[in-house]
1. Out of every Cα-Cα pair in the stretch 178-317, what percent are more than 24 Å apart?
2. Of all the C-alpha pairs in the stretch 1-86, what % are more than 15 Å from each other?
3. With springs connecting C-alpha atoms under 10 Å apart, model the chain as a Gaussian network and identify which of 293, 143, 175 has the largest mean-square fluctuation.
4. At 222 nm, what helix-only mean residue ellipticity would the chain give, in deg cm²/dmol to the nearest 500, using -39500 (n - 2.57) for each DSSP H run of four or more?
5. Could you identify which residue out of 13, 189, 263 has the top mean-square fluctuation in a GNM of the chain using Cα springs shorter than 10 Å?
6. Mind checking which of 11, 57, 179 has the largest fluctuation in a GNM of the chain, springs on alpha carbons under 10 Å?
7. On a 0 to 90° scale, report how tilted helix 163-182 is relative to the longest principal axis of the chain, with both axes built from alpha carbons and the result rounded to the nearest 10.
8. Let me know the shape class of the stretch 254-353, please: from the alpha-carbon gyration tensor, a ≥ b ≥ c as square roots of the eigenvalues, rounded when a/c is under 1.5, otherwise prolate if a/b is greater than b/c, or oblate.
Ligand SMILES: NC(=O)c1ccc[n+]([C@@H]2O[C@H](COP(=O)([O-])OP(=O)(O)OC[C@H]3O[C@@H](n4cnc5c(N)ncnc54)[C@H](OP(=O)(O)O)[C@@H]3O)[C@@H](O)[C@H]2O)c1
C-alpha cells in the first residue's frame, strides 16, 4: 500500500505517553496534521504539554479522547486520516483474548476510515528477545528482525513474565493479517529498544520504565535490571523518528518488522555512574546497586552476564529503509537527566561539595 502523503493527516494513539508525545512533535515539525488520541483530553496533567505545542494553537494538532477498550472509540477520529501510529499500551498484556479484542477495535476503525493507507504498530524488542529460557539467547544471540522468542517453550506463560512479549506478537500478527485481508492498508511493525531521553511532561517521569529508573538513580536508588540484562537502548526522539519514517517509506511492505535501537548496550550500574561522568556539576551521589533477585539467580550472575555480553544487536534493516542514524546513549542519558530536573523538578541526592 501507499506511504502517507507529505503534510497528510496522522492519528497517534498513546499521544500523551513518552514515545507518543515525541511522535506528535516530530510529525508537526515535518508539516503533518496530527490527531492526538489520549484517554482523557481534559486531564491537563497529561495533555497540557500537547496543548502547549504551537500546532495546537493553529488547529493543526487536535486532541481526542478515546479508550482502546471501547469498540468504535476511534471510528470518527480515523476518518480522513492517511496514517495511524498505534503506540498506546493496552490495559492488560497478560490476557490474550483481551489483547486480540482491542487490536480488533483499532482495525475496525481503520477499515471503516476509508482513508488510512498505513498503520505503524508499536511492538517491542521483547517480541524479539524475551526468552523464558535464557539459554535460548546463548543459542541464538543475533538480535535481528527475523528472530522470534522460542514460542514453543512450555515456560512461555504470562505467569512467568512473558505476557508482554506474547501480547506484542499477537498484535503484530493480528494487524498484519487484517491489513492483508483488507487490501486497502498495510501494517508495519516497529520494535523499539529501551527508550531513554528527555520527557516532555512531568507525568512521564513515572512511566517508561527506563526514564523512571533514571529518576530513581537521581534520588539515590539503583535497582539491578531483570536477569542482569544490559539496557539495549534507543533515544526516544530517534524512536519517534523511526515511526514517522516507517509511515513515509516507499520501501516497506505489509507484515514487516523493524527494530529501532542504536545497538548500544550498557549495564544499569554503568548508566548510573554515567550521570556523574556526563554532568559532574550535579555532584550526583552515585548509589550502590540493589540486587532484588532470589539467591538462585544471584548465584548465576556471572553466567547471565556472559550470555548477555554475547548478544549481537543489529539495526541494519531500519537504517537501510529509513536512512536514519541513531544518537549515542551518552546524549540520551544527559538529556533524560536534564529533562527530569527541568520538566519534572526531580530532586537530586548530591554528595558533599
Ligand atoms: N518505553 C520503552 O522503553 C518501550 C520499549 C519498547 C516498546 N515500547 C512500546 O512503546 C509504546 C509506548 O511506550 P511509552 O513508554 O511511551 O508508554 P507510556 O509513556 O506509558 O504511554 C503509553 C500510553 O498508552 C496509553 N494507554 C494505556 N492504556 C490505554 C487504553 N486502554 N486506551 C488508550 N490508551 C491507553 C496511555 O494513555 P493516556 O496517557 O492517555 O492515559 C499512555 O499515555 C508501548 O506500546 C510500549 O509497549 C516502549
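1. On the way: 4376 of 9730 pairs.
That tail contains 45 percent of the Cα-Cα pairs.
2. Everything past 15 Å amounts to 52 percent.
3. Taking springs between Cα atoms under 10 Å, the residue moving most is 293.
4. Numbers: 15 runs with 144 residues, N = 353.
That calculation yields -12000 deg cm²/dmol at 222 nm.
5. Sorting by GNM fluctuation, first place goes to 263.
6. Checking each option, the largest mean-square fluctuation is seen for 57.
7. 20
8. Details: a/c = 2.56, a/b = 1.23, b/c = 2.08.
Oblate.
Quick note: the coordinates plus some simple rules give every number you see, no bench work behind them. Here the structure is a predicted model, which is why all the values come from computation and not from measurement. So basically every Cβ, Gly included, is an ideal-geometry build from the backbone, and we count neighbours across all protein chains shown.
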